[in-house]
Amino acid sequence: MYSIGLYIFTWGMILAALFHKKARKMVVGISQTYGLLRRHIKKTDRVVWFHAASLGEFEQGRPLMERLHVEHPEYKILLTFFSPSGYEVRKDYEGADLVCYLPFDTPGNALSFLRLAHPEIAVFIKYEFWLNYLTTCRRKGIKTYSVSSIFRPDQYFFKWYGTLKPIRQFTHLFVQNETSRKLLAEHGIENVTVVGDTRLDRVIAIKDAAAPLPLVEQFAGDAPCFIAGSSWGPDEEIYIPYFAQHKDWKLIIAPHVISESHLKDIEKLLEENGFTSVRYTELEKNEGVAQKEANVLIVNCFGKLSSIYRYGKVALVGGGFGVGIHNVPEAAVYGIPVIFGPNNKKFREAQALLACGGSFEYQDEVSFAAIMDKFIASPKELQKAGQAAGGYINANAGAADKCFNAIFNAS
């Protein structure tokens, strides 16, 4: 049934590619995979294969790839993506020898892909459980590992109609928490180690390597800054009106979708609330623009957010009213409290930060105002929350080292 469903899905994507740009990129990219493997991977190469669904999973696997590149140069690193949002951003990633799409998980594709790639080791990041690839790897004697995975009773595997077969194919699973280990143990799966989330190691590395952003420093000056990272419309409709009453704070907005229509929606909302805003690209063209009385900076470019959080007193991470919150640790690592919307229950770090007092959930204008009013009224409360956030990240780092040593340095 699984393979039949995959064939149906494959043909569905091919049809969708006629009408949708994202689907077309995926289908075209997959059609090029086998040619790329033939050109770039020789029969004599020793290959380690990393698979990530998209950009977030890539960041979780990145510490392992970069360390492997340095400590074991005898291996060639193959990185595959399933989603165009991951591949298009990281197709030129220098930490891998080859980056390509992963063909759909049919038995024939699994055989063809693994014959050409012939990896010694395969590392699947977080939620990647491809039955035919995993089964074929096991038959070929390829060691397979799941890294930063997390399991919940409501997942497909544990339903009466589900199957644990994909999970049983792994050589070993490195899970994020004890709950996942216990759940797997209840179903007879014991080749499991609790290590935490490699994402925490990655955000620490990003923080340590982050370069100063003089334009942001110039804009912020001595004012306290509220950083809205990966924000969406429902987030913006709550925090922008609040700060209309607190203009001693400056806002830095890095929207998740940087389209002209969304940028104009933000600017319109800001203007309605009495703000003067400036786009980051305007500052780059003319540094003197920063001297204007703009109290909102709109970051209309990619790659800046992880460094911008350092300038904040409080951060908001968007997505909590829709797709789910984005990268909370990326902000918390700077030792600032993080606020997010209600769709956060499936995010382990968010739940842990809520529990330790480093993050806070808001549901509407009233709850958002209550959180911010407390921080503004009590600098001690603000400092305490920030220390809790940063302390959690640092205390729970080290998952990447544990995984790497177990996979690549085991005696």
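Candidates are the residues of the range 392-411 that are assigned to a loop (DSSP other than H, G, I, E, B) and aliphatic (A, V, I, L, M); the one that is nearest to Ala205 (Cα to Cα) is Ala397.
What do you reckon, is Asp105 in contact with a Leu (Cβ under 8 Å, 6 or more places away or on another chain) and either without any contact (Cβ under 8 Å) to a residue 60 or more places away in the chain or not basic (Lys, Arg) (or both)?
Spelling it out, Asp105 is indeed in contact with a Leu (Cβ under 8 Å, 6 or more places away or on another chain) and either without any contact (Cβ under 8 Å) to a residue 60 or more places away in the chain or not basic (Lys, Arg) (or both).
Per-residue answers, yes or no, for (1) modelled with pLDDT under 95; (2) buried (at least 20 other Cβ atoms within 10 Å of the Cβ); (3) in contact with a His (Cβ under 6 Å, 6 or more places away or on another chain):
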{"residue": "Lys304", "(1), (2), (3)": "yes, no, no"}
{"residue": "Ile308", "(1), (2), (3)": "no, yes, no"}
{"residue": "Ala315", "(1), (2), (3)": "no, yes, no"}
{"residue": "Lys346", "(1), (2), (3)": "yes, no, no"}
{"residue": "Leu354", "(1), (2), (3)": "no, no, no"}
{"residue": "Gly357", "(1), (2), (3)": "no, no, no"}
{"residue": "Ser367", "(1), (2), (3)": "no, no, no"}
{"residue": "Asp373", "(1), (2), (3)": "no, no, no"}
{"residue": "Gly390", "(1), (2), (3)": "no, no, no"}
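The set of residues in the range 64-106 that are within 11 Å of Trp49 (Cα to Cα) and surrounded by fewer than 18 Cβ atoms within 10 Å (Cβ to Cβ) contains only Asp97.
Taking (1) loosely packed, with under 11 Cβ neighbours inside 10 Å; (2) acidic (Asp, Glu); (3) in contact (Cβ under 8 Å) with a residue 12 or more places away in the chain in turn, Asp222 satisfies each apart from (3). Please verify whether Ile407 is among the β-branched types (Val, Ile, Thr), closer than 24 Å to Gln60 by Cα, buried (at least 21 other Cβ atoms within 10 Å of the Cβ) and within 24 Å of the chain's Cα centre (by Cα), treating the condition exactly as stated. No; evaluated as a whole, the condition is false for this residue. Checking each residue in the range 326-355 for being under 23 Å from Pro224 (Cβ atoms) and in a loop (DSSP other than H, G, I, E, B) picks out His326, Asn327, Val328, Val333, Tyr334, Gly335, Ile336, Pro337, Gly341. Residue count for the range 203-236 satisfying the condition of being of a type in the set (S, T, N, Q) and within 21 Å of Val338 (Cα to Cα): 2.
If you check Leu184 against the conditions, is it surrounded by 12 or more Cβ atoms within 10 Å (Cβ to Cβ) and under 22 Å from the mean Cα position of the chain (by Cα)? Reasoning before the result, please.
Details: surrounded by 12 or more Cβ atoms within 10 Å (Cβ to Cβ): yes; under 22 Å from the mean Cα position of the chain (by Cα): no.
No: the conditions fail for Leu184.
The condition (being more than 14 Å from Asn109 (Cβ to Cβ) and at pLDDT below 90) is satisfied by just one residue among Leu18, Leu36, Leu6: Leu18. Here Lys165 fulfils each of the conditions (1) in contact with a strand residue (DSSP E or B) (Cβ under 8 Å, 6 or more places away or on another chain); (2) closer than 24 Å to Ala110 by Cβ apart from (1).
Which residues, counting only those in the range 153-166, are surrounded by 13 or more Cβ atoms within 10 Å (Cβ to Cβ) and either within 23 Å of the chain's Cα centre (by Cα) or of a type outside the set (A, V, I, L, M) (or both)? If the condition is that a residue be surrounded by 13 or more Cβ atoms within 10 Å (Cβ to Cβ) and either within 23 Å of the chain's Cα centre (by Cα) or of a type outside the set (A, V, I, L, M) (or both), then Gln155, Phe157, Phe158, Thr163, Lys165, Pro166 are the ones that fit.
Considering only the range 303-325, state which residues are in a loop (DSSP other than H, G, I, E, B) and either within 16 Å of the chain's Cα centre (by Cα) or not hydrophobic (A, V, I, L, M, F, W, C) (or both). So that I can check it myself, show each step before the final result.
Initial filter on the range 303-325 (in a loop (DSSP other than H, G, I, E, B)): 303-304, 312-313, 318-325.
Passing the criteria: Gly303, Lys304, Gly312, Lys313, Gly318, Gly319, Gly320, Gly322, Val323, Gly324, Ile325.
Quick one: which residue in Thr198, Thr193, Thr179 is in contact with a helix residue (DSSP H, G or I) (Cβ under 8 Å, 6 or more places away or on another chain), at pLDDT below 95 and closer than 30 Å to Ala406 by Cα? That would be Thr198, the only listed residue that is in contact with a helix residue (DSSP H, G or I) (Cβ under 8 Å, 6 or more places away or on another chain), at pLDDT below 95 and closer than 30 Å to Ala406 by Cα.
Let's see how each residue does on (1) outside the structural domain of Val278 (by TED's automatic domain parsing); (2) in contact with a helix residue (DSSP H, G or I) (Cβ under 6 Å, 6 or more places away or on another chain):
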| residue | (1), (2) |
| --- | --- |
| Leu134 | yes, yes |
| Cys137 | yes, no |
| Gly141 | yes, no |
| Thr144 | yes, yes |
| Ser149 | yes, no |
| Phe170 | yes, no |
| His187 | yes, no |
| Lys207 | yes, no |
| Gly221 | no, no |
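So, Pro241, is that one more than 30 Å from Tyr93 (Cβ to Cβ), assigned by TED's automatic domain parsing to the domain that holds Ala332 and either under 20 Å from the mean Cα position of the chain (by Cα) or in contact (Cβ under 8 Å) with a residue 40 or more places away in the chain (or both) or not?
On the way: more than 30 Å from Tyr93 (Cβ to Cβ): yes; assigned by TED's automatic domain parsing to the domain that holds Ala332: yes; either under 20 Å from the mean Cα position of the chain (by Cα) or in contact (Cβ under 8 Å) with a residue 40 or more places away in the chain (or both): yes.
Against the criterion (more than 30 Å from Tyr93 (Cβ to Cβ), assigned by TED's automatic domain parsing to the domain that holds Ala332 and either under 20 Å from the mean Cα position of the chain (by Cα) or in contact (Cβ under 8 Å) with a residue 40 or more places away in the chain (or both)), Pro241 qualifies.
Among the candidates Ser261, Ser306, Ser277, the residue that is of a type outside the set (Asp, Glu) and touching a residue at least 40 places away in the same chain (Cβ under 8 Å) is uniquely Ser306. Restricting attention to the range 332-354, does a residue exist that is of a type in the set (Lys, Arg) and either in contact with a strand residue (DSSP E or B) (Cβ under 7 Å, 6 or more places away or on another chain) or under 30 Å from Lys143 (Cα atoms) (or both)? The answer is yes; a qualifying residue exists. The numbered conditions (1) surrounded by 20 or more Cβ atoms within 10 Å (Cβ to Cβ); (2) farther than 23 Å from Ala331 by Cα are all true for Asp265 except (1).
The values are calculated or read from the model by the stated rules, or taken from the named source; none is laboratory data. A quick note: this is a predicted structure, and the numbers were derived from the prediction, not measured. Don't worry about glycine lacking a Cβ; one is built from the backbone with ideal geometry, like all the others, and counts go over all protein chains shown.
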